[in-house]
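Undergrad: Dumping the structure here so I can ask a few things about it.
The values are calculated or read from the model by the stated rules, or taken from the named source; none is laboratory data. Because the structure is a prediction, the values reported are computed rather than measured. All Cβ positions, even for glycine, are placed from backbone atoms using ideal geometry, and neighbour counts span all protein chains on display. The area values use the complete protein model at the heavy-atom level, side chains included, leaving out ligands, DNA and RNA. Shrake-Rupley method; radii C 1.70, N 1.55, O 1.52, S 1.80 Å.
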Amino acid sequence: MAVTPETPEKEYCSTSEAAQRLGLSLGTVQQMVENGQLEGWKTAGGHRRIRVSSIEEFRARSMAGGGQNHQRQPANSLQVLVAEDDRILQKLYEHTLASWGLPLSIRLVSSGIDGLLEIGRVPPDLLITDLRMPGIDGFEMIRRLRADPQLQELDIVVVSGLTEEEILENGGLPPDVIFYCKPVPFRELKGYVQAKIMAMQRRGRAA
């Protein structure tokens, strides 16, 4: 029997293949299917099949809108990724950090999934993240980052409206993660960023 050009094998791929295409873990891809961010189905044997076109569409959206790049700075600038789903806060972060006049390269994402994709594409020096976000939230994103041996040293600052009790109810945060309550404490954040830039410059001079 002849095989037509439109075969399921060409339209769909396995979860592992989707994870490889996106640079994410199997669990992340499975959750993306459950959340409707990727189009997929299960075979009679219980195996997932994910539509290749939905993977490419998600990648295109993430490249175009998930990681919004501020004007690129020199190579010795501090790479900062901000994960925040509130569009007003995104603009506030972007304009405030840019107004500091520091050597920063700022990227913005709106969810934990986009954060993981962007970090997999270009690892930042500093991640500033909210905790309540659609899909994969900040808690899960941080857990997956800390589980990756290559990203365990990534500096993470959490800025959230959750109380300490609510954070503990969600499993807490790693001890090396810095936590600030909303509204965003830009004065403290600026001091932290300045200290990181000074340390980076010292390492550059010592190299």
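Undergrad: Take the residues in the stretch 128-154 that are open to solvent by 10 Å² or more (accessible area, probe 1.4 Å) and small (Gly, Ala, Ser), then tell me which one is modelled with the lowest pLDDT.
TA: GLY135
Undergrad: Do we have any residue at all in the stretch 57-69 that's at pLDDT 70 or above and under 15 Å from the mean Cα position of the chain (by Cα)?
TA: Within the stretch 57-69 (the criterion being at pLDDT 70 or above and under 15 Å from the mean Cα position of the chain (by Cα)), the answer is yes, since at least one residue qualifies.
Undergrad: Taking GLU165 as meeting all but one of (1) more than 26 Å from ARG187 (Cα to Cα); (2) open to solvent by 10 Å² or more (accessible area, probe 1.4 Å); (3) in a helix (DSSP H, G or I), write down the number of the exception.
TA: Among (1) more than 26 Å from ARG187 (Cα to Cα); (2) open to solvent by 10 Å² or more (accessible area, probe 1.4 Å); (3) in a helix (DSSP H, G or I), the lone unmet condition for GLU165 is (1).
Undergrad: If you don't mind, there's one more thing I want to ask. Could you run through the stretch 157-201 and say how many residues are more than 23 Å from LEU89 (Cα to Cα), in contact (Cβ under 8 Å) with a residue 24 or more places away in the chain and not polar (S, T, N, Q)?
TA: Total satisfying the criteria: 4.
Undergrad: Could you check the stretch 76-104 and list, in sequence order, the residues that are among the small types (Gly, Ala, Ser), more than 8 Å from the chain's Cα centre (by Cα) and closer than 23 Å to ARG144 by Cβ?
TA: The answer is none; no residue qualifies.
Undergrad: Name the single residue that is surrounded by the fewest Cβ atoms within 10 Å (Cβ to Cβ) among those in the stretch 35-51 being within 23 Å of the chain's Cα centre (by Cα) and modelled with pLDDT under 80.
TA: That would be GLY36.
Undergrad: Inside the stretch 86-120, can you point out the residues that are surrounded by 14 or more Cβ atoms within 10 Å (Cβ to Cβ) and charged (D, E, K, R)?
TA: ASP86, GLU94, ARG107, ASP114, GLU118, listed by residue number.
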